[in-house]
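A short worksheet on the structure shown next.
The values are calculated or read from the model by the stated rules, or taken from the named source; none is laboratory data. What you see is a predicted model, and the numbers here were worked out from it, not measured in a lab. Positions of Cβ are backbone-derived with ideal geometry, glycine not excepted, and every protein chain shown enters the neighbour counts.
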Amino acid sequence: MGAITYDMEIPSSIPAAKMYKAVVLDSDTLIPKILPQAIKNVEILEGDGGVGTVKLIHFGEGSQYKSVKHRVDALDTENLTHSYSIIEGDDALMGALESITYHIKIVPTEDGGCICKNRSIYNTKGDVQLSEEKIKEGKERAMAMFSLVKRRSRKGKRGP
């Protein structure tokens, strides 16, 4: 099994704790509201939302995928970190991946905002190679999600 890793950093003027709450703690309800064409809903299959929880994510009509199973690997609200893995979903794993693991860390900045750091690790089956295009698509989807969450969080700060 090989691994392809990429890192992404997204700066934001939103305070770190507020961004963590939106991106991690409230994402199961927030993302389907602000991006219903991408994610229809999230269903907990096992667990209580903490480490070890397995979720079934149903994608919206605008997505090329149907659903994936996602496992919470780590959740540290004090250090604003979260790790999870996509463990099932033939279409999203493209038949070439064992899993995709995401490590998110929200880092406060001196100006009161934050930097959202995301490391994605694509764990391939055997010596399968992923195209740069597929990796770019994943980055673009993640950027779009973070951008919408940032906009939604800013609106919440100032009111509707």
Identity of the residue in segment 114-136, of a type in the set (S, T, N, Q) and loosely packed, with under 15 Cβ neighbours inside 10 Å, that ends up farthest from Ala3 (Cα to Cα)
Ser131
When you look at Ala16, is it at pLDDT 95 or above, among the hydrophobic types (A, V, I, L, M, F, W, C), out of contact with any helix residue (DSSP H, G or I) (no Cβ under 8 Å at 6 or more places or on another chain) and surrounded by 18 or more Cβ atoms within 10 Å (Cβ to Cβ), yes or no?
yes
Give all pairs with beta carbons closer than 7 Å in which a residue from segment 30-56 that is polar (S, T, N, Q) meets a residue that is surrounded by 13 or more Cβ atoms within 10 Å (Cβ to Cβ) and in a helix (DSSP H, G or I); count only pairs at least 6 apart in sequence or on separate chains.
Asn41/Pro32
Sole miss for Lys139 among (1) crowded, with 19+ Cβ neighbours inside 10 Å; (2) in contact with a Phe, Trp or Tyr (Cβ under 7 Å, 6 or more places away or on another chain); (3) among the basic types (Lys, Arg) is condition (1)
Of Asp91, Asp7, the only residue that is of a type in the set (D, E, K, R) and closer than 18 Å to Met145 by Cβ is Asp7
Count of residues meeting criterion [exposed (fewer than 14 other Cβ atoms within 10 Å of the Cβ) and either within 14 Å of Leu148 (Cα to Cα) or within 15 Å of the chain's Cα centre (by Cα) (or both)] in segment 50-62:
0
Can you spot a residue in segment 121-138 that is closer than 26 Å to Ser12 by Cα and under 13 Å from the mean Cα position of the chain (by Cα)?
yes
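Residues that are within 21 Å of Gly2 (Cβ to Cβ), in contact (Cβ under 8 Å) with a residue 40 or more places away in the chain and crowded, with 16+ Cβ neighbours inside 10 Å: does segment 97-112 have at least one? Before you say what the answer is, go through the steps one by one.
Pass one, segment 97-112, residues within 21 Å of Gly2 (Cβ to Cβ): 97-103.
From what's left, in contact (Cβ under 8 Å) with a residue 40 or more places away in the chain: 98.
If we keep only those that are crowded, with 16+ Cβ neighbours inside 10 Å too, we end up with 98.
Yes, segment 97-112 has at least one match.
Against the definition (of a type outside the set (S, T, N, Q) and surrounded by fewer than 18 Cβ atoms within 10 Å (Cβ to Cβ)), how does Leu93 come out, yes or no?
No: the conditions fail for Leu93.
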Those residues that are of a type in the set (S, T, N, Q) and closer than 29 Å to Lys18 by Cβ, I need them from segment 128-147; list them, please.
Ser147
